[in-house]
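First the structure, in the form of C-alpha cells, and then the observations on it.
The values are calculated or read from the model by the stated rules, or taken from the named source; none is laboratory data. If you're wondering where the values come from, they're calculated on a predicted model, not measured in any experiment. Quick reminder, even Gly has a Cβ in these numbers, built from the backbone with ideal geometry, and neighbours come from all protein chains shown. Ligands, DNA and RNA are excluded from the accessible area calculation, which covers all protein heavy atoms including side chains. Shrake-Rupley method; radii C 1.70, N 1.55, O 1.52, S 1.80 Å.
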Amino acid sequence: MSFSDYLTNENHRQHINLSSYAWYIVYHDINAFQSAQKEYTLSGFINHIFINFYNQSCANLSSAYSAKFNEYSRLIHRQSKLDLSESEKQHLIETLCDSYIKEQADRLISFPKGEGKKIRLTNEVYQIISGYTDSSAESHYFKKPGIFLKAIIEEYSRLTYIDREFIFYRNIIDELNNAISQKCTISIKLINGKQFIVIPYKILPDKASSYNYFLGLARFSHRDPKVKNEYNIASFRVSRIVSAVCNYEDKQSIDIETRKGFEKAITEKGIQFLLNDIDEILIRLTSEGIKKYNSMLYLRPEYTKIIDNDIYVFHSTPMQIEFYFFKFGKDAEILFPAELRSRFAYHHAEATEIYR
C-alpha cells in the first residue's frame with residue numbers, strides 16, 4: 001500500500017509516536033526557536049521541520065538510493081581489474097544499494113516508541129507524503145506515513161543544537177549563503193527591528209557551538225547625513241534575523257586584508273561580540289575576583305594593564321564585560337564607564353529585590 005492509502009481523512013490529521021527523548025527535543029526547540037514574530041504550535045513546528053529537513057534526511061530513502069547508486073557506479077566502473085560484464089556490474093551496484101538502504105531503514109525504524117499524538121499536516125506536507133507510491137522504498141520499509149514521519153523527526157532530534165538551528169532557519173540561511181556565493185550585499189532585519197546592509201563574509205558557530213552567526217561588514221540601512229554610517233565588522237546571531245533579501249545589483253565582496261581583520265577580531269573578541277564598539281573599562285577585583293578571573297577561561301576578556309594590584313583595565317565590548325563579569329557579584333566592581341557601572345548596579349539591585 002502507498003502512503004496515500006492511509007491519508008484518507010479530510011483534515012489531514014496524522015498520528016505520530018515519538019520517543020520521550022524526541023518529544024523533549026521537539027518541545028525544547030519550539031520554545032527556543034519561536035519568537036514574538038511567530039509562534040509555533042506542535043503541528044506547525046513538525047510540519048516546518050519536515051519541509052526543511054526531509055530532502056536531506058536519511059529517511060528519504062529514494063534520494064539516498066540514487067546518491068549511493070551514482071557513488072557505487074563511479075567506484076565500480078573505475079575498477080578496470082574487475083572481470084565483470086555490464087549486467088553483472090549493474091547487479092552488484094543494485095545489491096550494494098539495497099543493502100545500504102535496508103541498513104538505514106532498520107536503524108530509523110529502531111527508535112523506541114513513546115507517547116503518541118495527533119498532528120495536522122499542511123497541504124504541502126500532505127502532498128509530499130502522498131506522492132510516495134507503493135513501489136517506493138519509503139512505502140516498502142516504513143509501511144505507514146506515521147512511521148516515515150517519526151523517522152524524520154527522530155533523526156532530527158539526534159542532531160546537535162546548531163545543526164537543528166541550521167534546519168529550522170534554513171530559508172534565512174539559504175538566502176545568506178546565496179549572498180555569499182553571489183558576492184552581493186544583503187539587507188537583513190533583526191528581531192529588535194534594526195535593519196542593516198551587509199557585505200557578507202561567512203556563517204560560523206561560536207567556539208562553544210552554541211549558536212550560528214552571520215559575519216560581514218555592516219551598516220545601518222537608513223542613511224542620515226548627520227550620522228556617520230560606515231561599514232564595520234559585525235556578527236549577527238542567525239536566530240535573531242527575521243528577514244534577509246539579497247541585493248543582486250549591488251555586487252561587493254570582502255578583500256583579503258579585511259578577511260584577516262575578521263579572523264583577528266574573532267580571536268580577540270569572540271564571534272558573538274563583534275557588533276559592538278570597544279570601550280576602555282576599569283574593574284576593581286577582590287582577591288576572590290582575581291581567582292575567578294584566573295580560573296574562568298570561557299569568553300574571558302584579556303586585560304590591558306593592572307593599576308594598584310586590583311584595578312584591571314580592559315579594552316573590550318560592554319556586552320562581553322557584562323556577560324563575563326556579572327556572575328562575579330561583589331567580587332567585581334565596575335569603576336568606568338559610568339553607564340556600564342549603572343547597568344550592573346541596576347541588575348544586581350533587581351536580583352536582590354527578589355529575595356527581600
**Q.** Pair residue 103, residue 128: separation of 7 Å Cα→Cβ label points (nm)
**A.** 2.6
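Placing +1 at every Lys and Arg Cβ and -1 at every Asp and Glu Cβ, with all other atoms neutral, what dipole size does the stretch 74-176 have around its Cα centre, in debye to the nearest 20?
Details: 16 positive and 17 negative charges, 78 e Å.
With Lys and Arg at +1 and Asp and Glu at -1, about 380 debye.
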Q.
Show me, bin by bin at 5 Å from 0, the whole-percent P(r) of the stretch 277-345 based on Cα pairs.
A. 4, 18, 33, 31, 13, 1
Q.
Rolling a 1.4 angstrom probe over the protein chains, ignoring ligands and nucleic acids, what is the accessible area of residue 326 in square angstrom, nearest 10?
A. 70
Q | Cα-derived Rg over Rh, computed across the stretch 48-90 with Rh taken as Kirkwood radius | A | 1.23
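Grab the beta carbon distance between residue 338 and residue 220, set R0 = 22 Å, and tell me the FRET efficiency rounded to 0.05. Intermediate results must be reported in sequence, preceding the final value.
Details: r = 26 Å, r/R0 = 1.18.
The computed FRET efficiency comes out at 0.25.
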**Q.** P(r) of the stretch 1-146 over all Cα-Cα pairs, binned every 10 Å from zero, in whole percent
**A.** 10, 32, 30, 16, 9, 3, 0
Q: Give, as a single signed number, the net charge of other residues whose beta carbon lies under 13 Å from the beta carbon of residue 252, with Lys and Arg counted +1 and Asp and Glu -1.
A: 0
Q: Taking all protein chains together and a probe of 1.4 Å, list 71, 10, 302 from the most accessible to the least accessible.
A: 10, 302, 71
Q: Provide the solvent-accessible area of residue 204, counting protein heavy atoms only and rolling a 1.4 Å probe, rounded to the nearest 10 Å².
A: 50
(Q) I need two numbers for the stretch 175-285: Rg to one decimal and Dmax as a whole number, Cα atoms only, in Å. (A) 14.4, 52
Q) Given the alpha-carbon gyration tensor of the stretch 5-49, what are the semi-axes of its equivalent ellipsoid in whole angstrom, ordered largest first, with each equal to the square root of 5 times an eigenvalue? A) 23, 15, 6
Q | Cα-only radius of gyration and Dmax that characterise the chain, units Å | A | 26.6, 85
Q. Among 314, 111, what's the order by accessible area (1.4 angstrom probe), most exposed first?
A. 111, 314
Q | Pair residue 304, residue 323: separation of 7 Å Cα→Cβ label points (nm) | A | 2.1
Q | 20 °C / 1.002 mPa s Stokes-Einstein diffusion coefficient of the stretch 154-216, Kirkwood radius on C-alpha pairs, µm²/s | A | 168
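Per residue, how large is the accessible surface of the stretch 29-100? Use a 1.4 angstrom probe and give square angstrom.
On the way: 4180 Å² over 72 residues.
On a per-residue basis, 58 Å².
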**Q.** Along principal axes, Cα extents of the stretch 232-356, largest first, whole Å
**A.** 57, 35, 25
Q. For residue 88 and residue 174, what is the calculated FRET efficiency with R₀ set at 45 Å and r taken between the beta-carbons, to the nearest 0.05?
A. 0.60
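What percentage of the solvent-accessible surface of the chain, computed with a 1.4 Å probe over protein heavy atoms, is contributed by carbon and sulfur atoms?
On the way: 10130 of 19900 Å².
Of all accessible area on the chain, carbon and sulfur atoms account for 51 percent.
Once you've got the Cα coordinates, tell me which of 194/251; 38/113; 38/150; 113/202; 68/144 are over 28 Å apart.
Working: 194/251 23 Å; 38/113 30 Å; 38/150 25 Å; 113/202 40 Å; 68/144 24 Å.
Result: 38/113; 113/202 exceed 28 Å.
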Q) So how much slack lies between residue 290 and residue 21, counting 0.36 nm per residue of separation and subtracting their Cα-Cα distance, in nm? A) 92.7 nm
Q) Which Cα, out of 283, 352, 111, lies furthest along the positive dipole direction of the chain (beta carbon charges, K/R +1, D/E -1)? A) 352
Q | Accessible surface, per residue, of the stretch 210-320 when the full set of protein chains is kept, probe 1.4 Å, Å² | A | 59
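With every protein chain kept in the model, how would you rank 63, 295, 80 by accessible area, 1.4 Å probe, largest at the top? Don't skip to the end; give the middle numbers.
Values: 63 55, 295 80, 80 110 Å².
Final ranking, largest accessible area leading: 80, 295, 63.
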